[in-house]
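Undergrad: Below are the structure tokens for one structure; questions will follow.
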Amino acid sequence: TYNFCAGPAMLPVEVMQQAQEELINWHGRGCSIMEMSHRGKDFIKVAAQAEQDLRDLLQVPANYKVLFMHGGGRGQFSAVPLNLLKAGQSADYIVSGAWSKAAAEEAHKFGAIAVQGITQKTEEGLRSLKAAADWHLDPKSAFVHFCPNETVDGLEFTDLPATDVPLVADLSSTILSRPIDVNRYGVIYAGAQKNIGPSGLTLVLVREDLLPAAGATIPAILDYRLAAENDSMFNTPPTYAWYLAGLVFQWLKRQGGVEAMGKLNQLKAQTLYNYVDQSDFYRNDVDTRYRSWMNVPFLLADERLNDKFVADAEAHGLLALKGHRMVGGMRASLYNAMPLEGVQTLVTFMREFERVHG
Ligand code: PLP
């Protein structure tokens, strides 16, 4: 089977096999890594290796802390303003789709301002974005928050906001899918359940000068300084998820790292978009300049066939293609663990479905 779920998403088969082999007797210790103390030397080694591998993969500069936190993407919707906004300050939140809108709504409780009007329709009625230079950001903001890949909308942009204030990015659905220049960001965060590992675990990269002041009034498990000073072990971290993330990072290194993933992910996405674009039976309504490599929504010309499409796909081992309820139609999520063969199998299925029902 190939699992196209937007998250929690499929993990690499090799990783799942290794985890299965190690599950109840990790490295001959007579118990699972899940059952070991996070303060013991075995787990500390696993944790440190995972951090090092991630640093290698993304070339994380030495002046950035890597935090393994709880609470998922939405936990960070709260953590970001709580850690970065000081009394009387505001922040700009670029709203480009469903998730950045949710982040802005949460941050509004703490004084942030949603920057609307970024999305627009093209003459052809496609969903599109204004150029980054026209986003009118406040130069006095504490930071600018954005979500470069909108998981629900299938809309992605690579232009960074044109501003001198620190950039805070929700990379939940795009982290590790291609190279990025970490230096350009103040904070990067990502829920793990798409490209990293099990849900709940949350990765945060934060530039050291942005850590909150010691003693700031921040809930302890969301406090970046406390997490950094305690090597992400202020409380019990999600140890098993951290271990699995480490296996995924090692797998990524074996695949050739984010450079190789970027090329493969572009090819996977292009394979599906090319097929959708030449068909009258399927369509994608996102401006080609802003189409996501990770989440490909597509609509059937005859919406009455939606349920049949999903059921037949499942019978062919192609799972979780039903689109998000806000967008409708279908959505194929093509995160790192999805092989090219998975996309090719999907296209073959789509072609046959079109032949029978078109
Ligand atoms: N941000 C993005 C871009 C997402 O895709 C999601 C979930 O799919 C979230 C945030 C929310 O993550 P969580 O459910 O872990 O809170």
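Undergrad: So if we plug the beta-carbon distance of Ala315 and Glu341 into 1/(1 + (r/R0)^6) with R0 = 25 Å, what FRET efficiency do we get, rounded to 0.05?
TA: Values: r = 18 Å, r/R0 = 0.74.
Efficiency computed from Cβ-Cβ geometry: 0.85.
Undergrad: State, to one decimal in nm, how far the label point of Glu229 lies from the label point of Glu14, with both points 7 Å from Cα in the Cβ direction.
TA: Going from the Glu229 label point to the Glu14 one covers 4.1 nm.
Undergrad: Sticking with this one: Tell me, what are the semi-axes, in whole angstrom and largest first, of the equivalent ellipsoid of the stretch 1-131 as set by the roots of 5 times the Cα gyration tensor eigenvalues?
TA: On the way: eigenvalues 291, 103, 39 Å².
Listed largest to smallest, the semi-axes of the stretch 1-131 are 38, 23, 14 Å.
Undergrad: Let me ask you something else. Mind pulling up the Rg/Rh value for the chain? Radius of gyration and Kirkwood radius, both on Cα.
TA: Working: Rg = 20.8 Å, Rh = 21.3 Å.
Answer for the chain: 0.98.
Undergrad: Tell me which of Gly97, Phe157, Pro179 sits at the most positive position along the dipole axis of the stretch 26-254, charges placed on C-beta atoms (Lys, Arg +1; Asp, Glu -1).
TA: In the stretch 26-254, that residue is Pro179.
Undergrad: Let me ask something else. Just rank Ile24, Ile196, Ile94, fewest to most, by other beta-carbon atoms within 10 angstrom. Working shown, then result.
TA: Working: Ile24 11, Ile196 29, Ile94 26.
Neighbour counts put them in this order, fewest first: Ile24, Ile94, Ile196.
Undergrad: Mean-square fluctuation check for the chain, GNM, Cα pairs under 10 Å: which of Gly154, Gly328, Gly191 is largest?
TA: Answer for the Gaussian network model of the chain: Gly328.
Undergrad: Excluding Lys65 itself, calculate the net charge of residues whose Cβ lies under 13 Å from the Cβ of Lys65, where each Lys or Arg counts +1 and each Asp or Glu counts -1.
TA: Values: positive: Arg55, Arg207, Arg225; negative: Glu51, Glu208, Asp209, Asp223, Glu229, Asp231.
Here the charged neighbours net out to -3.
Undergrad: Same structure again: Provide the percentage of antiparallel DSSP beta bridges, counting only those with both residues in the chain; round to the nearest 5.
TA: Values: 24 of 38 bridges.
Around 65 percent antiparallel, to the nearest 5.
Undergrad: Dipole magnitude of the stretch 26-254 about its Cα centre, charges +1 at Lys/Arg Cβ and -1 at Asp/Glu Cβ only, in debye to the nearest 20?
TA: 540 debye
Undergrad: For the chain, which longest stretch is free of loop sites, where a loop site is one of the trypsin sites (Lys or Arg not before Pro) that DSSP puts outside H, G, I, E and B and that has at most 11 other Cβ atoms within 10 Å? Show your work: numbers first, answer last.
TA: Values: sites that count: Arg39, Lys86, Lys109, Lys140, Arg325.
The answer is 141-324.
Undergrad: If you look for lysine pairs in the stretch 76-206 that are eight or more places apart or on different chains, how many of them have Cα atoms under 20 Å apart?
TA: Details: Lys86/Lys109; Lys86/Lys140; Lys101/Lys109; Lys101/Lys121; Lys101/Lys130; Lys101/Lys194; Lys109/Lys140; Lys121/Lys130.
For the stretch 76-206, the number of qualifying lysine pairs is 8.
Undergrad: Now for a separate question. Find which of Met36, Trp251, Thr202 sits farthest along the positive direction of the dipole of the stretch 26-254, computed with +1 on the beta-carbon of Lys and Arg, -1 on that of Asp and Glu, about the Cα centre.
TA: Met36
Undergrad: Here's a follow-up. Using alpha-carbon positions, what is the distance between the centroids of the stretch 153-191 and the stretch 315-358, in Å?
TA: For the stretch 153-191 versus the stretch 315-358, the Cα centre distance is 27 Å.
Undergrad: Then there's this: Whose amide H sits under 5 Å from the amide H of His145, counting only residues 5 or more places off or on another chain, with H placed in the peptide plane?
TA: For His145, whose amide H was placed from the backbone, the distant partners under 5 Å are Asp92, Tyr93, Ile94, Val168.
Undergrad: Let me ask something additional. Go through 172-179, 57-64 and give me the packing order, highest mean Cβ count within 10 Å leading.
TA: Values: 172-179: 24.1, 57-64: 15.4.
Taking the mean over residues of other Cβ atoms within 10 Å, the ranking is 172-179, 57-64.
Undergrad: Next up: Compute the whole-percent fraction of alpha carbon pairs in the stretch 192-348 spaced more than 23 Å apart. All intermediate terms of the calculation are to be shown ahead of the outcome.
TA: Working: 6486 of 12246 pairs.
Here the tail beyond 23 Å accounts for 53 percent of pairs.
Undergrad: Taking Cα pairs under 8 Å and at least six residues apart, what relative contact order does the chain come out at, in percent?
TA: Details: 662 pairs, mean separation 83.9, N = 358.
That works out to 23 percent.
Where a number appears in this text, it was derived from the coordinates with a stated rule and is not lab data. Just so we're clear, the structure is a prediction, and the values are computed from it rather than from any experiment. Because the Cβ atoms are built from the backbone with ideal geometry, glycine has one as well, and the counts that use them run over all protein chains shown.
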